[in-house]
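Peer 1: Quick one: the structure is below, questions incoming.
Bear in mind that the values in this text are calculations on the coordinates, not laboratory data. Just so it is clear, the model here is predicted, and its values are computed rather than measured. Neighbour counts run over all protein chains shown; Cβ positions are idealised from the backbone, glycine included.
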Amino acid sequence: MKKTLLESTADKLVNAFINNKIIAPIPTKFTKKLGEAQKLRKLCESKVKDPIIGFKAAGTGFPIMKKLKEKEPFYAAIFKKNFLKSGQKVKINKSTFGIELEVCYLIKQSFFSSKSSITIKNVTKYISHMAPCIEVIGYRQRKKGITSFGDLCSDFGANFKFLIGQKKKYKRINIGNLKTIISNKKIKQSVSGNTNTVYINPLNSLRFVLNKLKKDKINLNKDFYVFTGSTVGVVPILGKGLYEGKVESLGSAKAIIH
């Protein structure tokens, strides 16, 4: 039986994901509208055998939502192969277009047995640890830039690598107003930000992702990470070497770009 365009496109993207290849741009049918991109993303993720270690929120900045006429962010699965310790090397390619600094949370397995919706008031009881994290973003396709959320979503959420800093046991801090900075001293590149740019704040972004997981009936039966979105926007990678990201009161994460 001949494969549908959805199936054949998913197979190409999954092969590129598994083998670290770059392919020709996928049909715009799957990138123009977020709904179609979500279908492709979910199909792709179902075909990958590597363990899922968590999920990312994407498109969490209100300016980018307004520009691309979207009402809310979206989420995507994160696989073990893309999860690294702080300070490890990341080899980039021509389709890698940025680096981000985020707050991530380790969520208790007990979340999956919760019955009620997740609110700002009850979300904290599911958090075990928190940490700073660097995300290197890029496509598995020969294209750059963002014209729609579908561009990002269809391509595994455009997640390339995640590098997590030291985890700390969760405690209540003013997560909605922490200064952040990511820099590469070698090339004198530095970009400052704030946690308040992340969908009101990282906890609200976390709440959003957890409710989406409930709606989609996702159950990993284990603790998992949620990466809540960039505090500094998408920072272009202008050179190789060490990038260090710092989140006030939380710590730092590092990535060696080569």
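Peer 1: For the ranges 129-136, 182-189, what's the packing order if you count other beta-carbon atoms within 10 Å of each residue, average per peptide, and put the highest first?
Peer 2: Final packing ranking: 129-136, 182-189.
Peer 1: Let me check I've understood the local charge: for M65, count other residues with C-beta under 12 angstrom from its C-beta, Lys and Arg +1, Asp and Glu -1. What total comes out?
Peer 2: +2
Peer 1: With no solvent and one equal point scatterer per Cα, compute the Debye intensity ratio I(q)/I(0) for region 5-257 at 0.07, 0.13, 0.15 Å⁻¹ and report its log10, rounded to two decimals.
Peer 2: -0.21, -0.77, -1.05
Peer 1: If I model a spin label at K71 and K171 as a point 7 Å from the Cα along the Cα→Cβ vector, what separation in nanometres do I get?
Peer 2: 4.0
Peer 1: Once label points are set 7 Å from the Cα along Cα→Cβ at both I18 and D216, what is their separation, rounded to one decimal in nm?
Peer 2: With each label placed 7 Å out from Cα toward Cβ, I get 2.1 nm.
Peer 1: Tally Lys/Arg at +1 and Asp/Glu at -1 over every other residue whose Cβ is under 15 Å from the Cβ of S86; what's the total?
Peer 2: Details: positive: K85, K89, K161, K167, K168, K246, K254; negative: E100, E102, E135, E244.
Charge balance near S86 sits at +3.
Peer 1: What Cys residues in the chain have no fellow cysteine's beta-carbon under 4.7 angstrom?
Peer 2: That list is C44, C153.
Peer 1: Amide H to amide H, which residues 5 or more places from E72 or on other chains are under 5 Å from it, using H placed in the peptide plane?
Peer 2: For E72, whose amide H was placed from the backbone, there are no distant partners under 5 Å.
Peer 1: Counting each DSSP H run of 4 or more residues in the chain as -39500 (n - 2.57), what helix-only mean residue ellipticity at 222 nm follows after dividing by all residues, to the nearest 500 deg cm²/dmol? Present the calculation step by step, with values, prior to reporting the outcome.
Peer 2: Values: 5 runs with 55 residues, N = 258.
The helix contribution divided over the chain gives -6500 deg cm²/dmol.
Peer 1: Let me ask something else about it. Give me the percent relative contact order of the chain, please, defined on Cα pairs under 8 angstrom at least 6 residues apart.
Peer 2: Values: 575 pairs, mean separation 71.4, N = 258.
So the answer I get is 28 percent.
Peer 1: Express in whole angstrom the spacing between the alpha-carbon centres of region 32-92 and region 200-258.
Peer 2: 11
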